[in-house]
1. Would you mind ranking 15, 225, 78 so that the residue whose beta carbon has the fewest other beta carbons within 10 Å leads the list?
2. Taking the stretch 112-172 as the region of interest, what is the percent of Cα-Cα pairs per 5 angstrom bin, listed from the shortest bin to the one with the maximum distance?
3. If each residue's Cβ is checked for other Cβ atoms within 10 Å, how do 94, 182 rank with the fewest at the top?
4. Eigenvalues of the Cα gyration tensor times 5, then square-rooted: what semi-axes does that give for the stretch 56-117, in whole angstrom, largest first?
5. So if I restrict to the alpha-carbon atoms in the stretch 1-158, what is the Rg, and what is Dmax, the biggest pairwise distance, in Å?
6. Lysines within cross-link reach of residue 244: Cα-Cα under 23 Å, excluding same-chain residues under 8 positions apart?
7. Using a Förster radius of 45 Å, what is the FRET efficiency between residue 199 and residue 37 based on their Cβ-Cβ separation? Nearest 0.05, please.
8. Write down the Kirkwood hydrodynamic radius of the stretch 19-78, to one decimal in angstroms, obtained as one divided by the mean of 1/r over all alpha carbon pairs.
Amino acid sequence: MTPDNDPSPAPFGAFAPNAAQAAIISLAHGSRLKRGAFRPWLSRLVNLLRGGPVDVQYQGASFRFYHQASATERGALFNPAYNIEELDFLRAHVPAGGVFVDVGANVGTYALALARDVGPGGKVIAIEPHPVTHARLAFNNAASGYPQVRLVAAAAGPADGELMIETDGDNLGASHIVSGNVSARAIKVPSLRLQRILAETGASHVDAIKIDVEGFEDRVLTGFFKEAPPSLWPRAVVIEHLSKDEWLEDCIADMRARGYAETGRTRSNTLLVRG
């Protein structure tokens with residue numbers, strides 16, 4: 001397996017699935033095996049056939065998936081329609097030449113999927129603070145060849161400075177902000193206000209935003225909506241609600257008060273559109 005911090009990783013395609021792995025992935029794509037309960041088992045089986053990542057296409061982009069320790073990467077590897085309701089919603093609100101912001105971009109399963117839709121005249125701002133995950137995101141973007149994607153190696157937060165993040169268990173994609181009693185697993189990362197990120201990436205408007213930061217969504221959005229001019233407010237929002245019990249403020253209620261209407265809801269996310 002090529003280490004994430006290797007300055008010269010093997011080129012995309014070096015870890016293309018072998019015949020047996022490809023057969024299992026294809027079987028999952030065309031059956032109920034692509035559902036979440038089966039994915040860890042499929043991941044172990046694929047890993048037994050050859051350890052390490054696999055290089056595949058997903059939603060029109062090129063990905064090196066380290067599926068063994070990432071629920072997101074397992075989902076995208078075994079289900080070609082992973083998060084498709086959210087992606088279709090975003091595509092309906094992000095035109096060619098538009099601007100999409102991905103807060104908590106992980107390895108790029110949203111950001112790179114939308115990059116093809118905005119095209120070379122558009123802009124995708126992918127914000128991911130974890131250094132290992134960010135390295136995977138950067139590799140996937142380079143393999144996909146999307147210069148319209150701007151990568152931000154920082155956490156979006158309520159203030160400019162630093163935050164501590166850590167990962168529970170073996171799911172790298174579930175890294176989250178911590179405070180108070182910080183464990184030895186925690187690492188320090190830069191923190192930037194969303195409004196500053198938009199200014200530094202040259203975004204004069206935002207068509208849509210997806211935010212998934214494991215219970216820190218309110219700290220990112222509430223201050224942004226208070227400080228940013230309405231011209232910067234996104235037309236559409238996908239916000240993960242699975243960790244809303246950790247919010248200090250109900251940021252969905254705050255968006256409703258600012259003229260957003262809830263138009264859909266999936267198991268993980270609430271979909272809102274600005275009126």
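1. On the way: 15 21, 225 18, 78 25.
Going from least to most buried by this count: 225, 15, 78.
2. 4, 17, 23, 21, 16, 13, 6, 1
3. Values: 94 24, 182 13.
Going from sparsest to densest Cβ surroundings: 182, 94.
4. Working: eigenvalues 85, 25, 22 Å².
One finds semi-axes of 21, 11, 10 Å for the stretch 56-117.
5. Reported Rg and Dmax, both Å: 15.4, 48.
6. Hits, sequence-local ones excluded: 210, 226.
7. Working: r = 43 Å, r/R0 = 0.96.
So, using R0 = 45 Å, E works out to roughly 0.55.
8. On the way: mean 1/r = 0.0885 Å⁻¹.
Kirkwood radius, the stretch 19-78: 11.3 Å.
Just so you know, all these numbers are worked out from the coordinates, no wet-lab data involved. Quick caveat, the model's predicted, so the values are computed rather than measured. Methodologically, a virtual Cβ is constructed for each residue, glycine included, from the backbone with ideal geometry; neighbour enumeration extends over all protein chains shown.
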